[in-house]
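Notes follow the structure.
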Amino acid sequence: MNRYQGRVVAITGAAQGLGLAMATRFAAEGAVVALADVNEQALTDATGTLTDAHDTKHRTDVVDVTDSAQVNTWINGITADLGRLDVLVNNAGIIRDNRVEDITDDDWHAVIDVSLTGGFHCARAAFGPMKRQGYGRIVSFSSMSWRGNFGQTNYVAAKAGIVGMTRTLALEGARHGITANAIAPGLIETPMLASMNGPARDKLTNKIPMRHTGRPEDIAEAAAFLASEAAGYITGIVLDVDGGISIGSSIR
Ligand SMILES: NC(=O)c1ccc[n+]([C@@H]2O[C@H](COP(=O)([O-])OP(=O)(O)OC[C@H]3O[C@@H](n4cnc5c(N)ncnc54)[C@H](O)[C@@H]3O)[C@@H](O)[C@H]2O)c1
């Protein structure tokens with residue numbers, strides 16, 4: 001499929017995990033992809049993979065989404081070089097899990113700053129060019145945790161914040177051809193999941209009705225749909241991609 005031919009897609013946290021899987025998917029569908037990440041080495045390795053696999057143009061930038069000046073320079077650079085910005089994927093996120101009384105000020109701010117404030121910085125910078133072209137798609141990463149999760153006060157606050165931000169961006173963007181939606185992944189096999197401790201991961205996996213974790217490609221599939229032209233009447237939603245884990249408890 002070439003449904004992203006002529007489209008410019010910007011993805012944060014694109015050097016590995018879900019970000020890289022989405023970059024690969026959008027590139028495979030013809031997009032020019034702008035990958036941003038704070039990890040320069042991982043970004044270099046990632047673009048090697050992309051170049052090997054696809055003969056598409058892409059752009060990489062070392063960007064810390066917590067720094068609004070870096071974000072503005074990144075987005076301005078994309079529109080100056082590539083002429084437009086069709087899709088923004090707010091994917092960068094980190095975890096610093098602990099029980100509430102053990103979450104330090106640093107752990108709180110770091111998690112909120114990357115996921116929530118970073119997403120805001122990027123959406124604010126992208127809104128102008130998207131409005132001017134009368135077209136835009138913003139896909140931001142929440143998590144199944146947004147409804148509440150033991151040991152994740154900081155992460156849950158950030159991911160619930162993403163839902164509120166998305167619904168408001170949807171309202172403000174609607175008359176300008178801009179949609180804003182969120183994806184709430186369940187347990188997906190990425191370096192972030194690998195960093196979770198084994199017993200906690202196993203306990204959660206046993207709660208998934210489908211009885212297995214998801215693949216980054218499952219998320220890329222959802223993002224490629226929500227960010228497509230065809231999804232133009234869908235805005236302000238949170239799409240669960242989680243093997244059914246968010247449905248709730250089951251006695252069997
Ligand atoms: N993997 C899962 O099971 C899962 C579940 C629910 C939600 N999510 C969300 O999906 C998104 C991607 O997760 P992942 O599993 O691929 O994570 P990951 O840790 O594998 O990758 C995250 C990427 O973000 C980058 N990053 C971190 N801080 C940054 C910053 N300040 N500026 C720019 N880039 C930064 C990292 O360098 C890394 O490349 C995150 O928002 C995460 O919260 C993941």
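Percent of Cα pairs in the stretch 195-239 per distance bin of 5 Å, from zero to the largest separation: 5, 17, 17, 18, 15, 13, 9, 5, 1. For Lys57, a cut-off of 20 angstrom between C-alpha atoms picks up these aspartates and glutamates, skipping any fewer than 8 places away in its own chain: Glu29, Asp37, Glu40, Asp45, Asp81, Asp86.
Highest mean packing comes first when the peptides 207-219, 158-170, 93-105 are listed by Cβ atoms within 10 Å, giving 158-170, 207-219, 93-105. Judged by the mean number of other Cβ atoms found within 10 Å, the most tightly packed of the peptides 136-143, 60-67 leads the ranking 136-143, 60-67. Using the Cβ-Cβ distance between Asn72 and Asp45 with R0 set to 45 Å, the FRET efficiency works out to roughly 0.95. Evaluated over the Cα positions of the chain, the convex hull gives a direction-averaged projected area, one quarter of its surface, of 13.4 nm².
Between the Cα long axis of helix 17-28 and the first principal axis of the chain there is an angle of about 30°, rounded to the nearest 10. Quick one: pull the percentage of alpha-carbon pairs in the stretch 35-100 with a separation above 13 Å. Considering the stretch 35-100, 71 percent of its Cα-Cα pairs are separated by more than 13 Å.
Measuring nothing but how far apart in sequence close Cα pairs (under 8 Å, 6+ apart) lie, relative to its length, the stretch 137-178 scores a relative contact order of 39 percent. Phi angles across the stretch 84-90 convert, under the Karplus curve 6.51 cos²θ - 1.76 cosθ + 1.60 with θ = phi - 60°, into 3J(HN,Hα) values of 6, 9, 8, 10, 10, 10, 7 Hz, Gly and Pro given as x. Cross-link partners for Lys159 among the aspartates and glutamates, with Cα-Cα distance under 12 Å and sequence neighbours closer than 8 places in the same chain left out: Asp113. Under the classification rounded if a/c is under 1.5, otherwise prolate if a/b is larger than b/c and oblate if not, where does the stretch 1-147 fall, given a ≥ b ≥ c as square roots of the Cα gyration tensor eigenvalues? Judged from the Cα gyration tensor, the stretch 1-147 comes out prolate (a/c at least 1.5, a/b above b/c).
Against the longest principal axis of the chain, how steep is helix 216-226, in degrees 0 to 90 to the nearest 10, with axes from Cα atoms? That works out to roughly 50 degrees. With contacts taken as Cα pairs under 8 Å at a separation of at least 6 residues, the chain carries a relative contact order of 19 percent.
Against the main long axis of the alpha-carbon atoms of the chain, helix 118-133 sits at an angle near 30°. Adding -39500 (n - 2.57) for every DSSP H run of four residues or longer, then dividing by how many residues the chain holds, sets the calculated 222 nm ellipticity at -13500 deg cm²/dmol. Here's the list of aspartates and glutamates a cross-link from Lys203 could span, going by alpha-carbon distance under 18 Å and ignoring same-chain residues fewer than 8 apart: Asp97, Glu189, Asp242. In terms of overall dimensions, the stretch 168-252 has a Cα radius of gyration and Dmax of 15.6, 48 angstrom. Spin-label pair Arg175-Arg3: with each label point 7 Å from Cα along the Cα-Cβ axis, the two points sit 2.9 nm from one another.
Throughout, read-outs are computed from the coordinates displayed, never taken from laboratory work. Please read all numbers here as calculations on a predicted model, not as lab measurements. Heads up, the Cβs are rebuilt from the backbone with ideal geometry, glycines too, and the neighbour counts pull from every protein chain shown.
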